[in-house]
Amino acid sequence: HIASINNPARTLRLWSGGMPTAYFIENGSGQTKTLRSRHMALGILPPELFDPQTEIIEWETACQLFFCSDGLTEAQSPAGEMFGEDYLQRLLLAEDKTALFPGIVAAVETHLNGQAALDDISMLNVLLP
């Protein structure tokens with residue numbers, strides 16, 4: 001994902017390629033917008049086929065933007081069960097939006113139960129005023 005955030009104008013310009021779904025979460029209403037990758041990952045297509053089209057999202061009240069790598073959703077428990085996108089979405093709907101990021105970190109640590117992840121787990125949570 002490549003994002004350009006303009007706080008004074010309350011707009012987000014997003015280009016998504018080859019990444020797991022990102023989430024735009026309104027803190028007050030709890031409404032969540034899924035931001036799926038619309039493009040191939042960078043470096044897959046030749047330069048002349050690159051599509052620079054971006055998605056523009058506007059917001060009015062405090063929101064959060066959540067990105068993660070596939071290492072999070074594909075993290076396996078000692079029993080081989082994946083963390084999964086469904087579980088991540090349930091965590092994103094938690095009522096306490098101030099504890100969103102720490103809650104996801106705690107959930108994946110519990111899921112892994114001391115076992116090392118098979119892939120890197122990268123997460124980014126951006127708070128938008």
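The values are calculated or read from the model by the stated rules, or taken from the named source; none is laboratory data. Note that this is a predicted model, so its numbers are computed, not measured. We place every Cβ from the backbone using ideal geometry, glycine too, and count neighbours over all the protein chains shown. Note: accessible area is taken over every heavy atom of the protein model, side chains too, but ligands, DNA and RNA are not part of it. Shrake-Rupley method; radii C 1.70, N 1.55, O 1.52, S 1.80 Å.
Things to note:
- Among the chymotrypsin sites (Phe, Trp or Tyr not before Pro) within the range 55-129, not one is in coil by DSSP while having at most 13 neighbouring Cβ atoms inside 10 Å.
- Taking all protein chains together, LEU42, LEU72, LEU118 sort by accessible area into LEU118, LEU42, LEU72, largest first [probe 1.4 Å].
- Virtual spin-label span in nm between LEU118 and GLU81, 7 Å along Cα→Cβ: 1.6
- Accessible surface computed residue by residue for the range 59-129, with neighbouring protein chains in place and a 1.4 Å probe, gives 56 Å² per residue.
- In the chain, the portion of solvent-accessible area held by carbon and sulfur atoms comes to 53 percent [1.4 Å probe, whole percent, DNA, RNA and ligands not counted].
- Simple rule: put +1 on each Lys or Arg Cβ and -1 on each Asp or Glu Cβ in the range 5-115, find the dipole, and look at LEU72, HIS111, ALA62; the Cα lying farthest toward the positive end is ALA62.
- Estimated FRET transfer efficiency (THR32, ALA9; beta-carbon r; R0 22 Å; 0.05): 0.50
- Among the trypsin sites (Lys or Arg not before Pro) found in the range 15-72, those both in a DSSP coil and sparsely packed, with 15 or fewer other Cβ atoms within 10 Å of their Cβ, are ARG36, ARG38.
- Ratio Rg/Rh [Cα only; Rh per Kirkwood] for the range 65-129: 0.96
- Where THR32, THR110 fall by accessible area, highest first, once all protein chains stay in place (1.4 Å): THR110, THR32
- For ASP96, solvent-accessible area (1.4 Å; no DNA, RNA or ligand), Å²: 80
- When exposed loop sites are taken as GluC sites (Glu not before Pro) in a DSSP loop with at most 15 other Cβ atoms within 10 Å, the longest stretch of the chain clear of them is 1-59.
- Counting only heavy atoms of the protein chains and using a 1.4 Å probe, ARG10 has close to 80 Å² of accessible surface.
- Label separation (THR110 vs THR61): 2.8 nm, computed from points 7 Å beyond Cα along the C-beta direction.
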